[in-house]
Amino acid sequence: MAQPLTTASVPTDIYGGDEVSALVLDAGYCQTRAGFAGEDVPKSVLPSFYGSIKDTNAASGSRNVFGEDYIFARPDFEVKNYMSRTESVVEDWDTAVQVWESMLLDRLQPERRQTQPSKNGLNDGADGEGDVSMEDAAASAENAENAEKPLAESPLLMTEAPWNQGKAREKAIEIAMENWGCPAFWLSRTPVCAAFAAGKASALVVDVGGANTSVTAVHDGMILKRSIQKSHVGGIWLSNQIRSMFDSNDPKIEVRPSYMIESKVPVDAGAPSQAILRKLNYELHPSFRAYEDERLLTEYKESVVEVWRGPGRYSNPGNEELVKTQPGRIFEMPDGSNQMWREQRFRVSEGMWDETAQLPTASEEERITKAQTVPELIRACLNAVDVDLRPNLLGNIVVTGGTSLLNGFNDRLNNELMAMYPGMRVKLHAAGLTTERRFGAWIGGSILASLGTFHQMWISKKEYEENGAGIVEKRCK
Amino acid sequence: MTSHDVREMLNLPGEGGGPRPAKKQKTSIARQNLKGLAREVQNLGGDNPIAIVPEISSFKKRRFGSRKPAARWEMRPFRNSARGDESLILRHWRRKTDVQPPAAPQPEQQQNGQPDEDKMDADNGESKPEEMEDSSFAKFNVKVDVPQYSEDQYNSTLANNDWTKDETDYLMEAVRDYDLRWPIIWDRYDYQSKDGDASTDSNTAVVQARKARTLEDLKARYYEVAAKMMAVQRPVQYMNQAEYNLHEIMTSFKPEDEMRRKKFAEAQMGRSKEEAREEESLLLEVRRILARTEKFNQERRELYNRLDYPTTETTQDLSTFKTSNGLHTLLQNLMTADKSKKRKSLMGTDGQSTPASAGPSAQPGSTPLAEQRRESIAASASGHGHSRHDSTASATDARPEKPTKKGAQPPERRKLTEQEELTYGVSTHDRLPSGPTFRYDRINKILTTKSNAQHARITNTLNELDVPARLTMPTKAVVDQMEHLLVNIQTLLDLKKLSDKFDAEIKLEKAKKAEKDKAAGIVPQPAASESATKGSSNGDTAKENGAAKKDGKKAGGDAVTSSTEKPAAGHDANGDKDTPNKGDEQASAEKPAGESTGADEEKAAVKDAQDKDTTNGVKQEIGTGEEKEERPSSSGGQKRSASVLSSVSDKSAKRQKK
């Protein structure tokens, strides 16, 4: 009898999947994502920025709060990031552990916390904030000591930037094994994961993220180290370009995040804002302002900025005139001032492709050179791999990262590559869903960790104990 | 009512009584199957049961029907035998089987892989690990075989100046680690010489200098080692086919060739846009050429097929075609043969012409309109026929003009007499220019194609002849005559030019002769010279006459035919007629007078006129010499010719005037 297979009897083996309730953690400069392997979207996505509150009563210093919900205007509050801006690798390990624990333990496994009401913070009357996810460094250390290891049941797969150093990798496995007691651990590189998310074992991964843009060749599930190309052209660089554009605009446009606004009234396009600003009776740390500005600019990027699709550069004669004739986009600032953006929205993103078109930047290191533009990164990357691989790589270009969601990015990239490699088959693979593009590396990690054939790869706890932290260098190549 | 009943009513033979009961049974069976269908509706189908699949709407019933207890699932630990350590015990959800006691795997106890295993080992010694399931993916774990060698083997067979044993080991390790994925091996290859002692210092320095090994170097070394170790383990002559092939491939690896290939590949990648485009277009062209040859071949094949006449079984026996029925079948055969060859164009006209071809003989007025129109166009395009006549005449006459299209049955055609053709204005042409033209254009074309000077001369001549350059009534005959006239004028002018040239040459020769004579000291003889000039002029005129006669004959012939139809042109042509007639007269008069000489002279003159060569000057002199001798004997002829001469010279004087 041909009966439809129930979910119970469907052979998962045909997909090569074998779930072992693994966790996947993907840390970036702008966001940190964590979730269960086998799912298509990370359960928990937090900004890598965290709030540090100076304790007024205690000399101990500060306590940290994690998550967007806890970053709001308050006194003695500083916004920090545990990742390195230039490298996108962990800088502040202590905080990194806190952030990760708050995600992997509190957010992914809330029932675990409920068993320990004394620890979950709900009953702490002392701090009036009621931060459920707030993690006290001291408390967590205490936690690790007396309780059984919190992640003893779940293997953990972490991603890392391809240029990550051996020290950092060893530190990661140490934390996973010692602090959390993971039965198994694996460290995978983001380009490999992004390629897996696109269903490819060999690909040229163009990852245009928040702090960095990296281009890496992946062959058979391994990165080619010589091909790694990195540039700071990314979301934050683009924000700075927008700031520069705002400054040079006439009249100058003020970036006022919504926390500064008490109330606003609608005004005509181009008219100055008539909003009433909020008056704070305490001093705000500039980092908070910067964080809020960045959020506002991100919104601007998402809704206004567009990439000139080509062919040719935006600065070619005629292009700007053409754009001026086309309908622009209106963006209303939180203070109510609004304006139609036409050619400017193309100009800010042009520096990614054409270094001569970039707007003046505040600092010299913000400036990008020709070698740091996206097409040149790809060219350099391809030149660093074997000739035989190049056609295949060009035919399998995986575009990932949140900044690649800019309108027209893929068209432009395609045009640039076609011009650079005429006669070659250039094919871009960019996920259509925004989540898949933003969490490409995490999704790839999720796929990898749920594969049945992957189980032989894990570094087990025993292996770690036998070989020490150095095993990660030997195994996770 | 079944089909059987219908057959019975119509007295159709159909099937007998035999199969009937069987059928009935069948339908009854079908009816039983189809529940919920009205009997009347089912009867509509007759013998064949209606193809309706009864809808089953038991979706929900089934869902709630199985009230089995929910399947139990458990977290079951498993190990993976493909792992190096085997100690890792992971757990996944599996359906609980009844065989296993539910208490055996206790999730609470298995917090950690390590203690769990220990516990199990302690609990029930060897039985438990055996029970633990192995990952079904362990079988996918495959490793490459990397050649192994001992220290001695290395020293005896593998030693290489370029490679230390240490580095070779490193390479083999990398090959094993990266499963022979050469791009990765090359990418990660980072050999640091371990022995930094002084003795090998210079050596290592060299190695350091050329440490940047290319992918080809690595491959070459590996294949060398692998091939040698293969040969060590089993000598080449004992290898089986597969092994031998592998060995052969590895030994024949040439890094230089590989490098050259890569250089080419790189150059190919670095092509400019234009080069790429050119290559693309060339490829496209090649493809097109290939496609064309294919098409050509196909057409040729088709042609060959067509050349085979349609094989009808009746070709041998002609008697079958003697009846109209037989002919009809033949026609059908041919048509189907045509159709099978996809000759639609021929088929179309052929099929249509059969009924149409019978039409004209019966009732000439009912020609298809399209054909009539085409006829009139053709007539006006030719510029000869009278379109008004055509439209009435074409009904019968036009049909024969395209007999080729009639195919199998050529229609009857009535032969028109010359008189009829003239009255109907029918003319036949080899080729017609496309589209309608004005007759007048033909005259204009002759005039406009000439150079300005020539054009002026022609118009002068026409003026002289009192023929207006613009025809008042360009009927067909008039235009024809005008055309002839213009051609003749052209010839006349050409000859005139020639004669002028000859005159000049003769004058020159004479002057030369006079000079020569003077030099020789001979006293000039005026009489001789006079006669010479006379003779020469005579010869000239004779020549002229010959040409004029030739022209005149044509013109006269034309004039005869056209005289009735053209009042104006005919009159003008008369003026022209005078001279040729006279030429004729002269020729006829000369013949009887000096039969031998005159004819000869004239022949020579005509010949001269025809060969428009400069060498004629010489001939001319011979001609004049001849005349000198002959003149005395044929005085009468001369007299006559003199009279002619006067008129001709008259004419030439007239021409000179121009």
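Since every read-out is calculated from the coordinates, none of them should be taken as a lab result. Because the structure is a prediction, the values reported are computed rather than measured. Note that each Cβ is placed from the backbone with ideal geometry, even for glycine, and that neighbours are counted across all protein chains shown.
Quick look at the values:
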| read-out | value |
| --- | --- |
| Sparsely packed trypsin sites (Lys or Arg not before Pro) within region B:470-526, loop by DSSP, other Cβ within 10 Å at most 12 | B:ARG470 |
| Contact order relative to length of chain A, as percent, for alpha carbon pairs under 8 angstrom and 6 or more apart | 20 percent |
| Qualifying trypsin sites (Lys or Arg not before Pro) for region A:239-293 [loop in DSSP, other Cβ within 10 Å: at most 11] | A:LYS252, A:LYS279 |
| Semi-axis lengths, Å, chain A, gyration tensor of Cα atoms, sqrt of 5 times eigenvalues | 37, 33, 20 |
| Amide hydrogen neighbours beyond the local backbone of A:LEU284, cut-off 5 Å, H modeled | none |
| FRET efficiency estimate (nearest 0.05) - Cβ-Cβ, A:GLU365 to B:GLU86, R0 45 angstrom | 0.30 |
| Table column - 3J(HN,Hα) (Hz), region A:364-376, Karplus curve with 6.51, -1.76, 1.60, x for Gly and Pro | 5, 6, 6, 4, 10, 9, 4, 5, 9, 6, 4, x, 5 |
| Dipole magnitude of region A:235-357 about its Cα centre (Cβ charges: Lys, Arg +1; Asp, Glu -1), debye to nearest 20 | 140 debye |
| Label-point gap, in nm, between B:THR293 and A:ASP247 - each point 7 angstrom along Cα→Cβ | 6.8 nm |
| Percent of Cα pairs exceeding the 19 Å cut-off, where the set is region A:235-357 | 52 percent |
| Dipole magnitude of region A:348-477 about its Cα centre (Cβ charges: Lys, Arg +1; Asp, Glu -1), debye to nearest 20 | 480 debye |
| Leading residue at positive end of dipole, region A:235-357 (Cβ point charges), from A:SER287, A:SER263, A:THR356 | A:SER263 |
| Residues A:CYS381, A:CYS476, sorted so that the one with the fewest Cβ neighbours within 10 Å comes first | A:CYS476, A:CYS381 |
| Proxy reagent accessibility, fewest Cβ within 10 Å first, across A:THR373, A:THR298, B:THR459, A:THR434 | A:THR434, B:THR459, A:THR298, A:THR373 |
| Cα centre as origin, Lys/Arg/Asp/Glu Cβ charges: region A:364-408 dipole, Debye | 160 debye |
| Ascending count of other beta-carbon atoms within 10 Å, so fewest first, for A:LEU105, B:LEU422, A:LEU157 | B:LEU422, A:LEU105, A:LEU157 |
| Exceeding the 23 Å Cα-Cα cut-off - candidates A:LYS167/B:LYS219; A:LYS167/A:LYS461; A:LYS230/B:LYS219; A:LYS225/A:LYS461; B:LYS496/B:LYS516; A:LYS149/B:LYS139 | A:LYS167/B:LYS219; A:LYS230/B:LYS219; A:LYS225/A:LYS461; B:LYS496/B:LYS516; A:LYS149/B:LYS139 |
